[in-house]
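All of the numbers you see were taken from the coordinates with simple rules; none came from a lab. Keep in mind the model is a prediction, meaning the values are calculated, not measured. Ideal geometry is used to build each Cβ from the backbone, glycine not excepted, and the neighbour counts take in all protein chains shown.
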Amino acid sequence: MGLTKRDLLATAIGGLTAAALMGSAAFAQETTQIGVVVKIGGIPWFNAMEEGIERKAEELGVDAQMIGPVSADPALQVQAIEDLIAKGVDVIGIVPNDQAALEPVLKKAMDAGIKVIAHEGPGLTNVDWDFELASAQGFGEAHAKLFSETVTEPGKYAVFVGSLTVPLHNAWADAAIEWLTANRTDLELVGERYGIAENVDDSRATTLDLIAANPDLRGILAFGSQGPIGAGRAVEERRKDGEIAVLGPFSPGQGRKMVHSDVLTGGYMWNPAQAGEVFVTLGKMLAEGQAIEAGQEIPGVGVIEPDVEGRDIITDNLLELNKETVDGLADLGL
């Protein structure tokens, strides 16, 4: 029995649909897949990073997403990376909470042929590259010098970090404490450091305790975007603004009011949205087999002189946070 015109039309449409689906599947497979796992989701710093990731992904035509755990628990980062490995992405980005906890799962990713890029993780071993928009030594010392200029009287100070296992926060703290120990012998460090600076409430509570226990507390140096905010709130509550300095990197939109009311002295930062863009730029380059070489200009970081042996790309892209700059930076969505 011969085919009717309706049968022929249905066959033709079916063939076109199948071809379109096959073409879409092929395109999806060819599109670079990037997953970036950050320390914690839902805070301004990483919200800005996510915007940068999405903006650059659209520009470069890649599929990139940010995964932000609900807390700074290293186990949640491990699980997120496991999920990305199972998904078969081309590139995994990581902003580590705990270097040691992540090394095994990052090795698993690399063994699976996935490219791994870190940020704020210069000590990580199982990565293709780590990129930093500020050197650890320079970032820590810049804050120490600003702290020294702000705190003119002898007394005590405390240092906050995101956690005691965040590699870069502790490297910044090491550099700052070393500089202050050498240059401000009249200042005494209270404790070693407190691993609370990714949580506003913990930073506030710890600062209130420190104020109560140390009448001669002169300042808080907080490395971790929520540390200065929480410490600033405690200083404000106790009406110690002008007496106790609070410095460190923070999101300008979150801290601008306290800067203008002299609760936060300021600090330094880099643009987290810019870091998000770099994740995508580097990820696409590595997925396509492009080499990373000295003298190369990479959008977002500039001309690089990479440490090939250490697999680190370190540049100086610091932004100063103060009354003159904070509003402009906040208006950029940072």
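Worth a mention:
- For the chain, the C-alpha radius of gyration divided by 2.2 N^0.38 Å, with N the number of residues, is 1.18.
- Backbone HN-Hα couplings from phi across segment 208-215 [Karplus 6.51/-1.76/1.60, Hz, Gly and Pro as x]: 4, 5, 5, 5, 5, 8, 9, x
- Cut-off 12 Å between beta-carbons: net charge of the residues surrounding residue 227, Lys and Arg +1, Asp and Glu -1: 0
- Proximal aspartates and glutamates to residue 257, defined as alpha-carbon separation beneath 17 angstrom and excluding residues fewer than eight positions away on the same chain: 236, 237, 241, 320, 324, 327, 331
- Student exercise, segment 49-198 dipole from Lys, Arg, Asp, Glu Cβ charges, in Debye to nearest 20: 180
- Dipole magnitude of segment 43-95 about its Cα centre (Cβ charges: Lys, Arg +1; Asp, Glu -1), debye to nearest 20: 80
- Taking the Cα centre of the chain as reference, the dipole from Cβ charges on Lys and Arg (+1) and Asp and Glu (-1) amounts to some 880 debye.
- Highest to lowest packing among 130-141, 211-222, 175-186, scored as the average C-beta count within 10 Å: 130-141, 211-222, 175-186
- Taking amide H positions as modeled 1.01 Å from N, with prolines and chain starts lacking one, the residues under 5 Å from residue 132 and 5 or more places away or on another chain are 313, 314, 315.
- Charge tally in the Cβ shell below 11 Å around residue 39, where Lys, Arg are +1 and Asp, Glu are -1, residue 39 excluded: -4
- Figure legend: label point modelled 7 angstrom from the Cα of residue 192 along Cα→Cβ; residues of segment 156-174 with amide N under 11 Å from it are 164-165.
- Relative contact order of segment 88-149, pairs being alpha-carbon contacts under 8 Å that are 6 or more residues apart, as %: 28
- All lysines inside 21 Å of residue 284 as judged from Cα atoms, apart from same-chain residues fewer than 8 positions distant: 56, 87, 107, 108, 115
- Counting only DSSP beta bridges with both residues in the chain, the antiparallel share comes to about 15 percent.
- In the chain, the calculated helix contribution to ellipticity at 222 nm averages -15500 deg cm²/dmol per residue, counting -39,500 (n - 2.57) for every DSSP H run with n ≥ 4.
- Averaged over residues, the count of other Cβ atoms within 10 Å places the peptides 163-170, 243-250, 202-209, 53-60 in the sequence 243-250, 163-170, 202-209, 53-60, highest first.
- Segment 243-260-segment 60-103 distance, computed between alpha-carbon centres (Å): 30
- Neighbours of residue 194, meaning other residues whose beta-carbon lies under 15 angstrom from its beta-carbon, give a summed charge of -3 when Lys and Arg score +1 and Asp and Glu score -1.
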